[in-house]
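Everything below concerns the one structure shown next.
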Amino acid sequence: MFINTVSTLALYCSRCCKIHMHTISRFNLRNIGSRKLLCSCGQIQATITSSGDRQCLLDIPCVLCQKNHVICLDSKRLWRAEMDKIYCVQENFELGFVG
């Protein structure tokens, strides 16, 4: 039996306009504390903060509305097999993917 222990965040970079992938381990989630997710060009794409054993908060800046969106990623959304889109609710703009 195979159990997936990592999830991937694919986030768009506002500087270089590329998608950068970030892997999150299920075992390191509660020890993350707060970690900045950087693009390969050096731009900060988001900050991820653990908020309990089964969830984390993703603080992601939006290029269109010029605000930071705080998105709660619970265990159901973070560890499921399908890919889920992360949106700017105000502008209906894709900020990235999780899955």
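The values are calculated or read from the model by the stated rules, or taken from the named source; none is laboratory data. The structure presented is a predicted model; accordingly, all values stated were derived computationally and were not measured. No Cβ is skipped: glycine too gets one built from the backbone with ideal geometry, and neighbour counts run over all protein chains shown. Side chains are part of the model used for accessible areas, which takes the heavy atoms of the whole protein and leaves out ligands, DNA and RNA. Shrake-Rupley method; radii C 1.70, N 1.55, O 1.52, S 1.80 Å.
What's the Kirkwood radius of the chain in Å, using all Cα pairs?
Radius from the Kirkwood sum: 13.7 Å.
Share of the chain's accessible area from carbon and sulfur, percent, 1.4 Å?
Whole-percent figure for carbon plus sulfur exposure: 52.
Tell me, what is the FRET efficiency for ASP59 and THR5 to the nearest 0.05, using R0 = 35 angstrom and their Cβ-Cβ distance as r?
0.90
Could you tell me the relative contact order of the chain? Use alpha-carbon pairs under 8 Å, at least six residues apart, and round to a whole percent.
It rounds to 23 percent for the chain.
What dipole magnitude, in Debye to the nearest 20, does the chain give about its Cα centre under +1 on Lys/Arg Cβ and -1 on Asp/Glu Cβ?
200
Using just the helices of the chain, give the 222 nm mean residue ellipticity in deg cm²/dmol: DSSP H runs with n ≥ 4 each add -39,500 (n - 2.57), and the total is spread over all residues, rounded to 500.
Calculated from helices alone, the mean residue ellipticity at 222 nm is -1000 deg cm²/dmol.
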